[in-house]
Amino acid sequence: MDNKIPSALILYHFFYPDDVVSSRHFSDFAQELVKRGWKVTVLTSNRYCRYPEKKIDCKRETWEGVQIVRTFRPPWNQANNYLRLANSLWLMIGWGFRLCTLPRADTIIIGTDPQFAALMFPFLRFMKRAKILVHWCYDLYPEAIVADNSNRSGKLYTKGLKFLMKQAYKSIDILVDIGACMRKLLNAYNHKAQSATLVPWALAEPHNVKEPDMAIRKELFGDAKLALLYSGNMGKAHEFMLFLKLARAVYKKNPHIVFCFACRGNMAMEIEKAVSSSDQNIRFASFTEESDLEKRLGSADIHMLSLKPEWNGVVVPSKFFGSLASGRAVLYAGSEDSDIGEWIKEFKVGMILTENNIDHIADQLLQIVNDNRQLEEWQNNAYNAGQIFSKKNIMDQWDNLLRDRLNNEKIQN
């Protein structure tokens, strides 16, 4: 490439100042591209993810060197499947008009919120709005509709949606997944795009493995000898009953092994309903602000995360990378052959909990209370693995990926 500053246009549903995790990732993403010498514009909505009735009044602004252009969207709640789809259609049409008024970019990067946003790629290709078109997949649709057993009616039209998505993928130059299982699902579309795996990084990245803040630990876990924390979203893709069964199994032998759930999402209330007064080693905490996240994550010995088997490859729990960054062992309720399961085995950072090994995992937790050498090994391995998935490393790979592709396009032309 010459000395011309490369330009990137990012399309994503939620952006700064929204604090939902994906918004934070895309906000960081745009900011980090600016730091690496890119001119960045973001097309987003004027709504907050968790609070759709709240509106961001500023239609255009510059934040951290990023030009933000917000498109009006009605206050339709994302929790409703039909309203969520309506939000998608509204934004794609609105963004289509907006794109006609914006300068052409070197690259356009679209995330997977709103649903089916990839359907914009054929339009972008036809209109020649950018030299390279990039799709960063955080989750997959319509695969998520199929995985969601509560939405059985959705299966009736997924075949047609898959056909549309297959056509959309044909217009993409770079298809970025966040794990091998997701890539396998994407490859089933027989797309011709360049593939890359670039995961979302931890929102909190301590410079070393921190000792627990004892005040926060006591607040969350009381006088626990071993503290297990679930911190983050608890949605339809996540499992919690295995954790409750495990907590009940260990309570009989050591009531000082404490499980705390600090989560929000579709299934958060379901956990509280499933816990009875006899579950004395299961506690709950409110969702924390990002400014307090590092201390909260550091207050636990082990982090819990989960994914139902039918969601393998459709999503990847981003909280896993937060656990690694904070140097905490992982207890994962999910399939061994999922991306998280494979990483746990590869980096030796914790345990995989299934319906068949609850007693075995309970014994491991009981042993850790008496001898924490295994826990310390897992924690050190986790922190070292976290450096591989750090924001700097991932963003350096993004920068190289986009610049290399632009260089190749220039040579070919």
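The values are calculated or read from the model by the stated rules, or taken from the named source; none is laboratory data. All values reported here derive from a predicted model rather than from experimental measurement. Here the Cβ is made from the backbone with ideal geometry for all residues, glycine too, and neighbour counts use every protein chain on show.
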In region 279-329, residue surrounded by the fewest Cβ atoms within 10 Å (Cβ to Cβ) [restricted to those that are more than 17 Å from the chain's Cα centre (by Cα), polar (S, T, N, Q) and at pLDDT 90 or above]
280
Pick from region 379-413 the residues that are under 30 Å from residue 227 (Cα atoms), in contact (Cβ under 8 Å) with a residue 60 or more places away in the chain and not polar (S, T, N, Q): which of them is surrounded by the most Cβ atoms within 10 Å (Cβ to Cβ)?
386
Scanning region 330-346 residue by residue, those over 18 Å from the mean Cα position of the chain (by Cα) and more than 18 Å from residue 240 (Cα to Cα) turn out to be 337, 345, 346
Any idea how many residues of region 288-332 are in contact with a His (Cβ under 9 Å, 6 or more places away or on another chain) and in a loop (DSSP other than H, G, I, E, B)?
6
Take residues that are buried (at least 17 other Cβ atoms within 10 Å of the Cβ) and assigned by TED's automatic domain parsing to the domain that holds residue 333 and tell me which of the strands (runs of 3 or more DSSP E) falling wholly in region 135-235 contain 3 or more.
226-233
